[in-house]
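Since the structure comes first, as structure tokens, the remarks are kept for the end.
The values are calculated or read from the model by the stated rules, or taken from the named source; none is laboratory data. Predicted model only: the values in this text are computed from it and were never measured. Neighbour counts run over all protein chains shown; Cβ positions are idealised from the backbone, glycine included. Surface accessibility is based on the protein's heavy atoms, side chains included, excluding ligands, DNA and RNA. Shrake-Rupley method; radii C 1.70, N 1.55, O 1.52, S 1.80 Å.
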Amino acid sequence: MDQIKIRGGKSLHGTIHIGGAKNAALPLMAACLLSDQPLNLSNLPHLADIATMTNLLTELGVNVSMNGAAPAGYAGRVFTLDAKKTTDIIAPYELVRKMRASVLVLGPLLTRQGRARVSLPGGCAIGTRPVDLHLKALEQMGAVIELKEGYIDAKAENGLKGCHVIFPMVTVGGTENILMAATLAQGETVIGNAAREPEIGDLAKCLVAMGAKIEGIGTDTLKVQGVKKMNQADHAVLPDRIETGTYAVAAAITGGEILLKGARLDLIDAVVDVLSRVGVEFEDTDTGLRVSRTNGNLKGVDLMTEPYPGFPTDMQAQFMALMTVADGASMITETIFENRFMHVPELHRMGADINVQGRSAIVRGNQKLSGAPVMATDLRASVSMVLAGLAAEGETLINRVYHLDRGYERLEEKLSACGADIERVQA
Ligand code: UD1
């Protein structure tokens, strides 16, 4: 099994290209199921989760082809997804258990085919993460849903019907599933308390290009007039704001300066706001975002994770790694997931002083981190170990690299190009 070995203490200087957003790419790929005409997606990142979604779509009969070079201005991959002849409506356990986002095929399959069987995703490392809100909303739209043998068996033989769905809590995946389902439903669907994450705006833009009628994009109320048929479309995936934030922390934690090429400042306002208060500098340039921490010490700052436009839960672990070396204390409160502090014991092993009380963690900074063998149980926790390793004295060995490969493309290559001493090794 691969491991990542880091010898810390190097300040990072250089340029990193930010790829397309994983969390936008996954629902966008699922959206191909809504049409019998091809969907061309560019700026797709090269990640394990994208491969899992490709395998799932292929099982469903989608023809997925990689289309050579990206159009000018985009570095990512270009895929054509053609769901002309979908042959199956089953998303099997073997694929869904690898990646929860597989459940995003439910809405599109059900609304176009009138039937879907999708494995229940089950628990995951960061909490129970049920899909009850997706299912309740689909039932409101007229679906008949049974849970049996570990599967969601959903039927809507005469199609889904528009209605007023109000989510009792903000759910990104739930909003995406219902938004896609509503495009081909009869009549109007109004989604209230919709998630406003930029990835949802990106999905909505692509759906509009495919022929959907959507109002309120970017707000918490989405109004969808169902159409009979969706068409062909071309869409470029927006840049990954979590990859952007992660490398901004890499610049900050090593006291360096990195140009994040292709990054968009407007997608990470909350992160920039918090990191600026910590003492990180940002400059928006024509080619991307320049991040530096060249003067003075970092300062401990409190934060709470929130749905967009608040501080993203997907940046919490990285921020915590940064706070371990800042001056003073920081209180970090996780409000989205109930069990998202698994990085804490591993950071302890590297010398961090962190005390978890319920949903909050108190980080006492000013610690000299030291390298250690560590292991993490999810994607963002793993990358927080990488960041701590970059700042630590000595060698850090990160196990279970497959978590990193789910969400960070060529991580070690990008960091070593900026002067990090990091390599992938075989255990
Ligand atoms: C998405 C992101 C993930 C991010 C999360 C929150 C993708 C592929 N993944 O995950 O990286 O961390 O948003 O920003 O985009 N919930 C329920 N019932 C439901 C649905 C959700 O109780 O039916 C709860 C979840 O357990 C969680 C909270 O709602 O506590 C938010 O989850 P949700 O926004 O749905 O996250 P995902 O779409 O799974």
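Tabulated results
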read-out: Portion, in percent, of the accessible area of segment 1-124 that falls on carbon or sulfur, probe 1.4 Å; value: 49 percent
read-out: Rg(Cα)/(2.2 N^0.38 Å) for the chain, N = residue count; value: 0.98
read-out: Gain in span if fully extended, THR333 to THR221, counting 0.36 nm per residue against the direct Cα distance; value: 37.6 nm
read-out: Percent of Cα pairs exceeding the 24 Å cut-off, where the set is segment 87-187; value: 14 percent
read-out: Simple label model, 7 Å out from Cα along Cβ direction - ASP266 to GLU281, nm; value: 2.6 nm
read-out: Taking the C-alpha atoms of segment 310-387, convex hull volume expressed per residue in Å³; value: 78 Å³
read-out: Area of SER276 that stays accessible when all protein chains are in place (1.4 Å probe, Å², to 10); value: 60 Å²
read-out: Listed residues GLU257, GLU149, GLU197 arranged by accessible area, highest first, probe 1.4 Å; value: GLU149, GLU257, GLU197
read-out: Percent accessible area from carbon and sulfur atoms, segment 177-269, protein chains only, probe 1.4 Å; value: 46 percent
read-out: Radius 12 Å from Cβ of ILE200, net charge of other residues (Lys, Arg +1; Asp, Glu -1); value: -3
read-out: With DNA, RNA and ligands ignored, accessible area of LYS205 (1.4 Å probe; Å², nearest 10); value: 120 Å²
read-out: Å² per residue, accessible surface of the chain at 1.4 Å; value: 38 Å²
read-out: Segment GLU146-GLN426, extension gain: residue separation times 0.36 nm, minus the distance between their alpha carbons; value: 96.3 nm
read-out: Convex hull volume per residue in cubic angstrom - Cα atoms of segment 236-346; value: 103 Å³
read-out: At 1.002 mPa s and 20 °C, Stokes D of segment 118-235 from Kirkwood alpha-carbon radius, µm² per second; value: 146 µm²/s
read-out: Exposure rank, largest accessible area first [ILE268, ILE89; 1.4 Å]; value: ILE89, ILE268
read-out: Using distinct alpha-carbon pairs, which all enter the 1/r mean, Kirkwood radius of segment 274-423 in Å; value: 15.8 Å
read-out: Listed residues ARG410, ARG112 arranged by accessible area, highest first, probe 1.4 Å; value: ARG410, ARG112
read-out: Heavy atoms of GLU146: accessible area, 1.4 Å probe, square angstrom to 10; value: 90 Å²
